[in-house]
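One structure is given here, and the rest of the page talks about it.
The values are calculated or read from the model by the stated rules, or taken from the named source; none is laboratory data. Here the structure is a predicted model, which means the values were calculated and not measured. Note that each Cβ is placed from the backbone with ideal geometry, even for glycine, and that neighbours are counted across all protein chains shown. What goes into the accessible areas is simple: the full protein's heavy atoms, side chains included, and nothing from ligands, DNA or RNA. Shrake-Rupley method; radii C 1.70, N 1.55, O 1.52, S 1.80 Å.
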Amino acid sequence: MVRVVELSSELSGKKIFERISLEIPRGKITAVMGPSGTGKTTLLRHMTGQLHGVSGKVWVDGLDVAALERKQLYALRERIGFLFQNSALLTDYSVFENVAFPLRQHTRLPEILIRNLVLLKLQAVGLRGAAQLLPSELSGGMARRVALARAIVFDPMLILYDEPFVGLDPIALNQVLKLIRTLNRELGITSILVAHEFAAVRQVADWVHLIAEGRCVASGTPQQLAHADSPWAAQFFGGKIDGPVPFQYPASALDEALGFVGPSS
Amino acid sequence: MKRLNKHSAIVDACYEIGATGWFLVVLLVAIPRSLRYLRETIRQIWFVGAKSLIIIMISGLFVGMVLSLQLYYTLSIFGGTSALGTVVALSLYRELGPVVTALLFAGRAGTSITAEIGLMRATDQLSAMELMAVDPIAFVATPRFLAGLISMPLLVAVFNMMGLFGGHLVGVNWLGIDNGTFWSNMTSNVNVWTDVINGEWKAFVFGAAISLIAVFQGYNAPPTSEGVANATTRTVVWASIVILALDFVMTAFLM
Amino acid sequence: MNPRRSYVAGTGLFILLGFVALAYLATQTTSLVNYQGGPNYQVTAEFLNVGGLKDRAPVKLAGVRVGTVSSIVLDQRSMEAKVSMTISKRYNEIPEDSFAKIMTSGLLGDQFVSISPGGSREVLKNNSQIINTQSALQLEDLIGKFLTSSGSSKSGG
Ligand SMILES: Nc1ncnc2c1ncn2[C@@H]1O[C@H](COP(=O)(O)OP(=O)(O)OP(=O)(O)O)[C@@H](O)[C@H]1O
Ligand SMILES: [Mg+2]
């Protein structure tokens, strides 16, 4: 479904990816994991054509995303659901209108059908009662779930979830997990899941890519990765502080920055 | 593109003017696409135009009243107070109506357009629209631009009417000019085309300029609180300068 | 009512108000007020000098507006200014030998055509010409006359 080939990319001069390649199989749930700031969100933005790499290609459903014309790109995006890491709800519209937004823009469905579809999706995330609230009246976790409902309202062919589990209580978490699984198993929707919670990910994901330092450092089923002897996987899933994965954003040595040692003579 | 602080203010201004001009082309090209979102344009006319009515009406009333008062004293020096209706109407239609309304509009509607779009960018709402395959230029920028364009001439007409009413109130009811003289002098000297319609042309052009600047500043505001705040200030500054400059040019060539 | 519809109605009201205001300004506060609708007829008159008379200037009889000046052209043959006037059909009994005069409202006001009725039984019809005319009084001439007349005792009319 999605094929990233030798993609290199930079953001304001900073290298994010260095010839990264990975594949997302059709009809499966694939998790993309990796330390904070490695570029998981950036990778998703490449898939939706919001960013273009310096070299390499991204194929989505057989289309070279970077080469698409505006019209074709928008046609492709209509078939992709995207859950923003920060929800990005439209603050002027009620919860109901937020979820209805893609339907209203791209279909001419009668009002009653839109109403039913939206209420069903809101029911699925447990927020049917909040339909008339404004986004500013929601908690962080509720906003996540509204954004999720909006991402899936169109029953797209591909859904990109950027951290769907953040801010959810255990009950809502299970509910969302179930939802992601149902959408995939019953409607065959290909799903890409960016998340940090390995415990949650291993319940739903068919496949996991671990990216770090601009490359895909390990891939496999959750079970394989959990017991892999790759130092990256071992450190990341074990949550160890020491290892090849840096915790610090690249910077000069700490003692130097704090002024304990003069700049290297 | 990175803008360097070391450059002089003039280079900055040229950059801004060029970028705004280019943005106008983008907006105009997007007009056919934004026709799908007619409802959004209507909604923006409501926010930008209808909600400015009160301030426009009150200001128009007072401007007309003070105009009548000032001109009465000036005219009485020459014994020409019978021309009060004419000079009040001409000052309003040709100059004060379009300019004062435009300045108020920039402060009332222009700033809110800038702040709103800037905030939408900062909270990723514009990206969210793009990802839902809704073009933010056609859905957010162009409707606001069109709303400004449509609202300004209407607001100016209302402003002028209120101004005339205020002028009449002071001139006839307070200073005691004969009602018939006030009107007949006006109606024999005010021309529909050179005065009323040319004033409306000014309003149209000012409306386009203000909403272009407001939308451009909002759309290109850095996604930070300070960025949005600065963009709002720039909208008022730029819009005011452009209105007054355009007013001079249009008066010189049109009237 | 659907809340999505309420602002549509409000916007409609706003646009309506704007157009009403514009229509009011355009038709009730400008020279369009004096536009002579309905049936009318054309009359011409030739003047030696029209002074500052302009198109659309009023034509008055006994101070009442009866029509407007519709065109002012130079007649190359007689070297006089030919002024065409549109008179409302309501005033269809103006004597043929009436007197047309260009006058100024006030000392510095606009100029208009004033008609003083004659005594003839015949009345002005479409395309008739007013023979008796008097040109505009030029302020400069007046002053000139005043200056010369102060020398001699004869006063100029
Ligand atoms: N607009 C930008 N300009 C420059 N650098 C950026 C920009 N946006 C992101 N970055 C950098 O790109 C890197 C990757 O960012 P990204 O948001 O993709 O990380 P992420 O993997 O999604 O992290 P997280 O797990 O915390 O969400 C970060 O190091 C960030 O500093
Ligand atoms: Mg991220």
*Quick one: A:Val194 ticks every box in (1) within 18 Å of A:Phe236 (Cβ to Cβ); (2) more than 16 Å from ligand 2 (Cβ to nearest atom) except a single one, so which number is it?*
(2)
*Given the structure, is A:His227 within 16 Å of ligand 2 (Cβ to nearest atom) and out of contact with any Asp or Glu (no Cβ under 8 Å at 6 or more places or on another chain)?*
no
*asked:* List pairs: first residue in region C:16-31 and under 24 Å from B:Gly49 (Cα atoms), second residue of a type in the set (Asp, Glu) and open to solvent by less than 60 Å² (accessible area, probe 1.4 Å) anywhere in the structure, Cβ distance under 8 angstrom, at least six positions apart or on different chains.
replied: C:Leu22/B:Glu200
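Residue-wise test of (1) open to solvent by 10 Å² or more (accessible area, probe 1.4 Å); (2) under 30 Å from A:Arg104 (Cβ atoms); (3) within 14 Å of chain C (Cβ to nearest Cβ).
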residue	(1), (2), (3)
B:Gln125	no, yes, no
B:Ala141	no, yes, no
B:Pro153	yes, no, yes
B:Phe159	no, no, yes
B:Met162	yes, no, yes
B:Trp183	yes, no, yes
*For region A:102-111, state whether one or more residues are of a type in the set (A, V, I, L, M) and either away from ligand 2 (no atom under 15 Å from the Cβ) or within 26 Å of A:Arg202 (Cβ to Cβ) (or both).*
yes
*Scan B:Val192, B:Val196, B:Val172, B:Val215 and give me the residue that is touching a Phe, Trp or Tyr at 6+ places or on another chain (Cβ under 7 Å) and without any contact (Cβ under 8 Å) to a residue 40 or more places away in the chain.*
B:Val172
*Quick check, is A:Arg70 within 14 Å of ligand 1 (Cβ to nearest atom), without any contact (Cβ under 8 Å) to a residue 24 or more places away in the chain and within 11 Å of another protein chain (Cβ to nearest Cβ)?*
no
*Of the residues B:Phe145, B:Phe206, B:Phe139, which is assigned to a helix (DSSP H, G or I), of a type outside the set (S, T, N, Q), closer than 27 Å to B:Leu104 by Cα and in contact with a Ser or Thr (Cβ under 6 Å, 6 or more places away or on another chain)?*
B:Phe145
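So that you can scan it fast, the table gives a plain yes or no per residue for (1) in contact with a helix residue (DSSP H, G or I) (Cβ under 6 Å, 6 or more places away or on another chain); (2) on the phi < 0 side of the Ramachandran plot:
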{"position": "A:Ala31", "(1), (2)": "yes, yes"}
{"position": "A:Ser36", "(1), (2)": "no, yes"}
{"position": "A:Thr48", "(1), (2)": "yes, yes"}
{"position": "A:Asp64", "(1), (2)": "no, yes"}
{"position": "A:Lys71", "(1), (2)": "no, yes"}
{"position": "A:Ser87", "(1), (2)": "yes, no"}
{"position": "A:Val95", "(1), (2)": "yes, yes"}
{"position": "A:Asn98", "(1), (2)": "yes, yes"}
_Going by what's in this entry, would A:Gly62 be described as more than 11 Å from chain B (Cβ to nearest Cβ), within 16 Å of ligand 2 (Cβ to nearest atom) and either open to solvent by 50 Å² or more (accessible area, probe 1.4 Å) or modelled with pLDDT under 90 (or both)?_
no
_It is to be established whether one or more residues within region A:75-85 are out of contact with any Pro (no Cβ under 6 Å at 6 or more places or on another chain) and more than 13 Å from chain B (Cβ to nearest Cβ)._
no
*For region A:121-141, does any single residue satisfy the condition of being crowded, with 20+ Cβ neighbours inside 10 Å and within 16 Å of ligand 2 (Cβ to nearest atom)?*
no
*asked:* If I ask for residues that are farther than 12 Å from A:Cys216 by Cβ, surrounded by 15 or more Cβ atoms within 10 Å (Cβ to Cβ) and either within 16 Å of ligand 1 (Cβ to nearest atom) or at pLDDT below 90 (or both), which ones from region A:11-29 would you list?
replied: A:Ile16
*Mind counting the residues in region A:210-236 that are outside any helix (DSSP H, G or I) and either open to solvent by 10 Å² or more (accessible area, probe 1.4 Å) or among the hydroxyl-bearing types (Ser, Thr, Tyr) (or both)?*
11
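Residue by residue, here is whether (1) within 16 Å of ligand 1 (Cβ to nearest atom); (2) away from every other protein chain (no Cβ under 14 Å); (3) touching a strand residue (DSSP E or B) at 6+ places or on another chain (Cβ under 8 Å); (4) open to solvent by less than 20 Å² (accessible area, probe 1.4 Å) holds:
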{"residue": "A:Asn116", "(1), (2), (3), (4)": "no, yes, no, no"}
{"residue": "A:Ala143", "(1), (2), (3), (4)": "no, no, no, yes"}
{"residue": "A:Val146", "(1), (2), (3), (4)": "no, no, no, yes"}
{"residue": "A:Asp162", "(1), (2), (3), (4)": "yes, no, yes, yes"}
{"residue": "A:Pro170", "(1), (2), (3), (4)": "no, yes, no, no"}
{"residue": "A:Leu179", "(1), (2), (3), (4)": "no, yes, no, no"}
{"residue": "A:Val194", "(1), (2), (3), (4)": "yes, yes, yes, yes"}
{"residue": "A:Phe198", "(1), (2), (3), (4)": "yes, yes, yes, no"}
*Looking only at region A:1-53, which residues are away from chain B (no Cβ under 14 Å), of a type in the set (A, V, I, L, M) and within 16 Å of ligand 2 (Cβ to nearest atom)?*
A:Ile16, A:Ile20, A:Ala31, A:Val32, A:Met33, A:Leu43
_For region C:109-142, give me each residue that is in a loop (DSSP other than H, G, I, E, B), over 16 Å from the mean Cα position of the chain (by Cα) and either at positive phi or surrounded by fewer than 18 Cβ atoms within 10 Å (Cβ to Cβ) (or both)._
C:Pro117, C:Gly118, C:Gly119, C:Ser120, C:Arg121, C:Glu122, C:Lys125, C:Asn126, C:Asn127, C:Ile131, C:Leu137, C:Gln138
*asked:* Looking at region B:68-95 only, could you name the residues that are at pLDDT below 90 and more than 15 Å from B:Leu175 (Cβ to Cβ)?
replied: B:Phe78
